[in-house]
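To start, the structure itself, in structure tokens.
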Amino acid sequence: YTGKSDATVLSDEIQKIKVHHYQSRPILVEQSTSVYEAICTMFLEDCGTLFIVDKQSTLVGVVSRKDLLRASMGGQSIDTVPVSIIMTRMPNITMCEKDDSIIEVAQKLISRQIDGLPIVKKVENGSGYEVIGRITKTNMTSLLVDLSSNDIN
Ligand code: ADP
């Protein structure tokens, strides 16, 4: 007998889970893409957050559903306005790395009041970040279901 309560054991197990165990595929859009095209991509890919990259695939911004709605209501032409105009941009992007703890990331989602964040890797011999994954509130729901069925690895 370890002397640990069930709650402590569960909490210890959760602390060991890393963000890459629950990640999704990131959906990337180049910064010169029109707002219209970005809306199409969001529907086709069935995602709520797009990561915006430059020609070198370096992360430059994030666009959410409401960012696109707001842009569509603004009276500008969504065919010509590029997503770079409406995105939340670096360095104001909340990010994480693949070996970060899932709980640390969940806390970021709550404190920043966002739906998801990019999992990034520093670009070798350069500046900036490459996007290698995506973690969202949906992934957190999967974690909750796994925990309830005692299915953690
Ligand atoms: P929505 O706006 O559709 O409710 P979010 O809550 O995720 O979706 O986004 C709220 C705002 O925060 C948006 O303006 C979006 O650009 C921005 N945002 C979303 N994700 C991030 C992130 N990882 N880092 C910084 N800003 C973000």
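Out of curiosity, is ILE39 part of a strand (DSSP E or B), within 16 Å of the ligand (Cβ to nearest atom) and under 22 Å from ILE114 (Cβ atoms)?
Criteria not met by ILE39.
Inspect all residues belonging to segment 60-74 and state whether any of them is at pLDDT 95 or above, assigned to a loop (DSSP other than H, G, I, E, B), within 21 Å of the chain's Cα centre (by Cα) and of a type in the set (Lys, Arg).
No, segment 60-74 contains no residue that is at pLDDT 95 or above, assigned to a loop (DSSP other than H, G, I, E, B), within 21 Å of the chain's Cα centre (by Cα) and of a type in the set (Lys, Arg).
Here's a check for you: in segment 105-126, which residue that is in contact (Cβ under 8 Å) with a residue 12 or more places away in the chain and assigned to a helix (DSSP H, G or I) is surrounded by the fewest Cβ atoms within 10 Å (Cβ to Cβ)? Walk me through it before giving the result.
From segment 105-126, those in contact (Cβ under 8 Å) with a residue 12 or more places away in the chain are 105-106, 108-109, 112, 114-121, 123, 126; that's our starting set.
Okay, now just the ones that are also assigned to a helix (DSSP H, G or I), so 105-106, 108-109, 112.
On the way: VAL105: 25, ALA106: 17, LYS108: 16, LEU109: 19, ARG112: 11.
The qualifying residue surrounded by the fewest Cβ atoms within 10 Å (Cβ to Cβ) is ARG112.
For segment 42-74, give me the residue count where each residue is within 20 Å of MET90 (Cβ to Cβ), polar (S, T, N, Q) and within 15 Å of the ligand (Cβ to nearest atom).
2
Just to be sure, is LYS98 of a type in the set (D, E, K, R) and part of a strand (DSSP E or B)?
Against the criterion (of a type in the set (D, E, K, R) and part of a strand (DSSP E or B)), LYS98 does not qualify.
Would you confirm whether or not segment 130-148 contains a residue that is within 16 Å of the chain's Cα centre (by Cα), surrounded by fewer than 14 Cβ atoms within 10 Å (Cβ to Cβ), within 26 Å of ASP54 (Cβ to Cβ) and free of Cβ contacts under 8 Å to residues at least 60 places away in the same chain?
So far as segment 130-148 goes, no, none of its residues is within 16 Å of the chain's Cα centre (by Cα), surrounded by fewer than 14 Cβ atoms within 10 Å (Cβ to Cβ), within 26 Å of ASP54 (Cβ to Cβ) and free of Cβ contacts under 8 Å to residues at least 60 places away in the same chain.
Among the residues of segment 13-27, are any under 23 Å from GLU130 (Cβ atoms), out of contact with any helix residue (DSSP H, G or I) (no Cβ under 6 Å at 6 or more places or on another chain), of a type in the set (Asp, Glu) and away from the ligand (no atom under 13 Å from the Cβ)?
no
Assigned to a helix (DSSP H, G or I) and either among the hydrophobic types (A, V, I, L, M, F, W, C) or more than 26 Å from SER142 (Cβ to Cβ) (or both): does that describe SER77?
no
All but one of (1) out of contact with any strand residue (DSSP E or B) (no Cβ under 8 Å at 6 or more places or on another chain); (2) away from the ligand (no atom under 16 Å from the Cβ) hold for THR141; state the number of the condition that does not hold.
Only one criterion is unmet by THR141, namely (2).
The values are calculated or read from the model by the stated rules, or taken from the named source; none is laboratory data. These numbers come from a predicted model, not from an experiment. Quick reminder, even Gly has a Cβ in these numbers, built from the backbone with ideal geometry, and neighbours come from all protein chains shown.
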